[in-house]
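Chemist: Can you keep this structure in mind? I'll have questions shortly.
Taken together, the values in this text are just the output of simple stated rules run on the coordinates, not laboratory data. Every value quoted in this text rests on a predicted model; they were computed, and no experiment measured them. So basically every Cβ, Gly included, is an ideal-geometry build from the backbone, and we count neighbours across all protein chains shown.
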Amino acid sequence: MTFFDVITRGLKRRPIRTGLTLLGIAVGIAAVVALIGLSRGLVASWTAGMKSRGTEIVVHNMRGSLTPKPFPAATRDRVAHLPGVTATCMILVDLMSVENAELMIVSGREWGCFAWENLKLVSGRMPKDQMERAVLLGTTAADVLKKKVGDTVQIETEELTVVGIVEGGAFVENGSIILSLPLLQQITGNQDKISAIDVRVAAGTNDAEIRRLCEEMSRLIPEAHADPAGEHLAHTEGYRVINAMSWGTSLLAILVGVLGVTNTML
């Protein structure tokens, strides 16, 4: 009798334990795929959001924290006129509890900048000006909050009118509450502060030139750091925490599966 015969006989003699072990292995594999896919999907979705609004470089201050830290808005002037830069857009973004939703992306955008251009109205209208106490909801955000045009949404202590539902071309955009930068600065007490500068560069700029621009911007704005739009989230503390948790949970699932197989074979 070979060792393989011993294993096979053990599996056949204990069908219930064998079945439960196989189920445990399947669950472990599913956990690995799902959790690693979650962290990678987060980066892919965020990158798609950047690309949908034509952002090639992001100047941010997220490296040492789970959420972006505001820095002075005046720092934009240090990089706006660099050779190769065609447009900039100041952003204030935060993850906030909004009404019954425990975590929503709230994005305040410089009025008239290119970050508004990719938003396609599904219903309603755009805000009239940067001081109108109004918000746009991405299609997913509208579903989560159960809001339609004409309803109000409470952000912190402020009641704001939903004037439009928009399609942003990416999951992150569709899941956001979007309003003017001055309005969100006022609501959050971050006057004259931003959490990111989205940058567009000249057509035909290659990856090497974009990285050179990132280095120059990081030198000019020591309060923040510049990364190519496809990479900035992967460099943040928040992503590293999510990725580490995903791998840790996945390794635990694999270990449980290995122990289950060993137990069945004995």
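Chemist: May I ask you to verify whether R211 is at negative phi, outside any helix (DSSP H, G or I), touching a residue at least 12 places away in the same chain (Cβ under 8 Å) and of a type in the set (K, R)?
Modeler: Against the criterion (at negative phi, outside any helix (DSSP H, G or I), touching a residue at least 12 places away in the same chain (Cβ under 8 Å) and of a type in the set (K, R)), R211 does not qualify.
Chemist: Checking the conditions here, which among D77, D94, D143 is part of a helix (DSSP H, G or I), within 20 Å of the chain's Cα centre (by Cα) and of a type in the set (D, E, K, R)? Reasoning before the result, please.
Modeler: Numbers: D77 fails: within 20 Å of the chain's Cα centre (by Cα); D94 fails: part of a helix (DSSP H, G or I).
D143 is the lone residue from the list that is part of a helix (DSSP H, G or I), within 20 Å of the chain's Cα centre (by Cα) and of a type in the set (D, E, K, R).
Chemist: If you go through segment 117-130 one residue at a time, do you hit one that is within 20 Å of the chain's Cα centre (by Cα), of a type in the set (G, A, S) and outside any loop (DSSP other than H, G, I, E, B)?
Modeler: Checked segment 117-130: no residue is within 20 Å of the chain's Cα centre (by Cα), of a type in the set (G, A, S) and outside any loop (DSSP other than H, G, I, E, B).
Chemist: In this structure, is L136 in contact with a Pro (Cβ under 8 Å, 6 or more places away or on another chain) and more than 30 Å from C214 (Cα to Cα)?
Modeler: yes
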